[in-house]
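Any read-out appearing in this document is the output of simple, stated calculations on the displayed coordinates, not a laboratory observation. Because the structure is a prediction, the values reported are computed rather than measured. Heads up, the Cβs are rebuilt from the backbone with ideal geometry, glycines too, and the neighbour counts pull from every protein chain shown.
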Amino acid sequence: MAFGAFATSTPTPGAEPAIRRRSPIALFLLLPGALYLGLFFLVPLVSLIITSFERPSDIGLPGVYDYAFQWQNYVDAVQQYWPHIVRSFGFAALATVLALIFGYPLAYFIGVKLRRYPLWQALALTLVIAPFFISFLLRTLAWKQILSDEGPIVGALQALTILPPGSHITGTPGAVIFGLTYNFIPFMTLPIYTSLERLDLRYVEAGGDLYASPATVFRKITIPLSMPGIVSGTLLTFIPASGDYINASRDFLGGTDTQMIGNVIETNFLNLENYPIAASLSIVLMIVILILVTIYVRRSGTEDLL
Amino acid sequence: MTLQAGDALSETTKATAPRDSPRFRLGIGSWGLGIYAVIAFVFLLIPIAYTIVFSFNTVRRTNIVWRGFTWDNWLNVCDQQEVCQAFGNSILVGVIATLAATALGTAMAIALVRYRFRFRAATTLLLFLPMATPEVVLGAGLAAQFLTAGVPKGILTIILAHTMFCISFVVVTVRARVASLDPALEEAGRDLYASPAQVFWRITFPLLLPGIIAAALLSFALSFDDFIITNFNSGAAVTFPKYIYTAAARGIPAQANVIASAVFLAAIIGVVVAQLSAAARRKRLAREG
């Protein structure tokens, strides 16, 4: 399963074929795909970098830019939009932690407790991926309606005086983080499940036999053995969440002061035709993610995963 | 829970619980986890249930307040022409992008597992990077390139974009299947004087087929639900998610709920039937020894 993308790259011993040969066939198989990715992934990244240094054309038409080497774009972008940048990574980090807290016990239940009932395990997994089968945008809109001022939740919370009268849920940072968490729970749960599914329970038993408390067994055996799943789950959540702009959009769960970097890139690119600023923000987003991911992967000691 | 608290807690359960009964403790834990899992599943399904329920709503201007049950929206799906057209576009894009990505990705997966070549690490990185890049960056990058190259945005550019991000997922999915393939089977074919083409189409390909089908289904699902990359590269063309995005401000027609619900139910029924038949096969194999 592709959600184990980051977890399954360590080959299972013995699965490596005995014969690995050089052959022109390899080139024939590899070249079309590699060329395609080169043309539609690498070249666009280069054009994004070029665009990020451009400056407005002398003819003064909106949306027309000339080649230049204008570092100032980056300075302007960061100066103008640093709150959005900080907010994006803050929201994404919180949503990742929440999805981990929500998803780990669920993955443990499916991967370990349901192991002896393959059919139930398969059905439970189907429930985890069920949200994928219905449009991401419609799911988020459904939450918007449920959490809206006329919806059942706000009314109930106000009646219980947990929320002050006249307050909202939608349009707040909390709602955006909630939406991000909900939407990425399957991405977190599935890789953790793949790790826990393979967890050899004899290690857990051995820990218990050696008088380790359940908490110690969990901390010293279960967590380390499921680390590949945790790392890939957090990456599969954090990376798309930091670039997401649906949840934070005003028509969905966000408000005016919840806009994330994705919203800014979208507005600048598609509405304002301010391509250089949109491009430089995209590059900033990508560089920050690369740095954070590298540090994270080093720290968690799972470098061989990548 | 801090470590000390956890230790203390387990200390007390050890003292009070029936003597030396790991099964008892496991039982309590399982029940707690089981209840948690049920609540978690209900939570995951809430917005799905909401979407399906509101596909049966009697709609007057908006579809926000419940006004009573009706089959009308299901019977007149294409009354909202835009919805049906957007859905058709999504299917078209999904099918073409899936076919292209599956063909390109399967070939790459076979090459990566079976052959030695230079730039192997570079190729792996090239496949990994699109999965690790946020969609806004992929979308904006492609849009910038189409802009520089003067390519008008439309269905074609959406298909080109979708094929690009699906390839990596196809490679990851199929590669696992190629790696688990026993090379002896192909050797046997060669020993029996089968041509390379015969070996591929009569041995390798059928054995890889489950992986290829899984990869194709995943590609289609990714393409069908993609919004962010599509939004940057679609121009005036509208896919189903893009339709929802633009309609969100003024209210989604119930027909959109109908289409999403129908797709959801078809997919779920397909998956569950596949799982039940797999379970039946396991049982039969177990009985036969």
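For the stretch B:77-180, the alpha-carbon radius of gyration amounts to 1.29 times the rule-of-thumb value 2.2 N^0.38 Å expected for a compact globular protein.
Each residue of the stretch A:82-91 was assigned a 3J(HN,Hα) from its phi angle through the Karplus curve 6.51 cos²θ - 1.76 cosθ + 1.60 (θ = phi - 60°); the sequence is 4, x, 5, 5, 4, 4, 4, 6, x, 4 Hz, with glycine and proline shown as x. Unpaired cysteine residues in the protein assembly as shown (no second Cys Cβ under 4.7 Å): B:C166.
How high is the FRET efficiency from A:I223 to A:L35, r the C-beta distance, R0 45 Å, rounded to 0.05?
Calculated value: 0.60.
By the compact-protein rule of thumb, 2.2 N^0.38 Å, the alpha-carbon radius of gyration of chain B corresponds to a ratio of 1.35. Projecting the Cα positions of A:Q121, A:I25, A:F91 onto the charge dipole of chain A (unit charges on Cβ atoms of Lys, Arg, Asp and Glu, taken about the Cα centre) puts A:Q121 furthest along the positive direction.
When a/c is below 1.5 the answer is rounded, else prolate if a/b is larger than b/c, else oblate, so apply that to the stretch A:57-117 with a ≥ b ≥ c taken from the square roots of the Cα gyration tensor eigenvalues. Prolate shape, in that a/c is at least 1.5 and a/b is the bigger ratio.
Taking the alpha carbon gyration tensor of the stretch A:81-305, multiplying each eigenvalue by 5 and rooting it gives semi-axes of 35, 24, 16 Å, largest first.
Per residue of peptide B:228-240, the mean number of Cβ atoms on other chains within 10 Å of the residue Cβ is 2. Share of pairwise Cα-Cα distances greater than 26 Å in the stretch B:81-252 is 39 percent (whole percent).
Averaging the sequence gap over all C-alpha pairs within less than 8 Å and six or more residues apart, then dividing by the number of residues, gives chain B a relative contact order of 29 percent.
With contacts taken as Cα pairs under 8 Å and at least 6 residues apart, the stretch B:81-252 reaches a relative contact order of 42 percent. Exposure proxy shown here: for A:Y296, A:Y182, A:Y193, the number of other Cβ atoms within 10 Å sets the order, fewest to most, as A:Y296, A:Y182, A:Y193. The lysines within cross-link reach of A:K220, meaning a Cα-to-Cα straight distance under 25 Å and a gap of 8 or more places when in the same chain, are A:K113, B:K14. Centre-to-centre, using Cα atoms only, the stretch A:62-95 and the stretch B:208-268 are separated by 29 Å. Exposure proxy shown here: for B:V199, A:V78, the number of other Cβ atoms within 10 Å sets the order, fewest to most, as A:V78, B:V199. Between A:E205 and A:D76, the distance separating the two model label sites (each 7 Å from Cα on the Cα→Cβ line) works out to 6.8 nm. For A:Y65, the amide hydrogen comes within under 5 Å of the amide hydrogens of A:S57, counting only partners 5 or more places away or on other chains and with H modelled in the peptide plane. Short-range pairs are left out: with C-alpha atoms under 8 Å and at least six residues apart, the relative contact order of chain A is 28 percent.
Mean-square fluctuations from a GNM of chain A, with a 10 angstrom spring cutoff on Cα atoms, peak among A:L201, A:L125, A:L235 at A:L201. Scattering from the C-alpha atoms of the stretch B:169-255 alone, worked out with Debye: what is log10 I(q)/I(0) at q = 0.20, 0.21, 0.23 1/Å? Cα-only, vacuum Debye calculation for the stretch B:169-255: -0.92, -0.97, -1.06.
Counting only the backbone N, which residues of the stretch A:170-210 are under 16 Å from the spot 7 Å out from the Cα of A:I146 toward its beta-carbon? Of the residues in the stretch A:170-210, A:170-171, A:175-186 have backbone N under 16 Å from the label point off A:I146. Rg over Rh for the protein assembly as shown works out to 0.98, both radii taken from alpha-carbon positions and Rh defined as the Kirkwood radius.
Just need the Rg to Rh number for the stretch B:26-112, please, alpha carbons only, Kirkwood Rh.
So for the stretch B:26-112, dividing Rg by the Kirkwood Rh gives 1.22.
If you average the alpha carbon positions of the stretch B:90-135 and of the stretch B:50-75, how far apart do those two centres end up, in angstrom? For the stretch B:90-135 versus the stretch B:50-75, the Cα centre distance is 42 Å.
Counting Cβ atoms of other protein chains within 10 Å of each residue's Cβ and taking the mean over peptide B:143-153 gives 5.
By the count of neighbouring beta-carbon atoms within 10 Å, fewest first, B:C166, B:C84, B:C78 end up ordered B:C78, B:C84, B:C166. Across all directions, the average projected area of the convex hull around the alpha carbons of the stretch A:69-160 is 11.1 nm².
For the residues A:D251, A:D200, A:D58, a GNM of chain A with alpha-carbon springs under 10 Å puts the largest fluctuation on A:D58.
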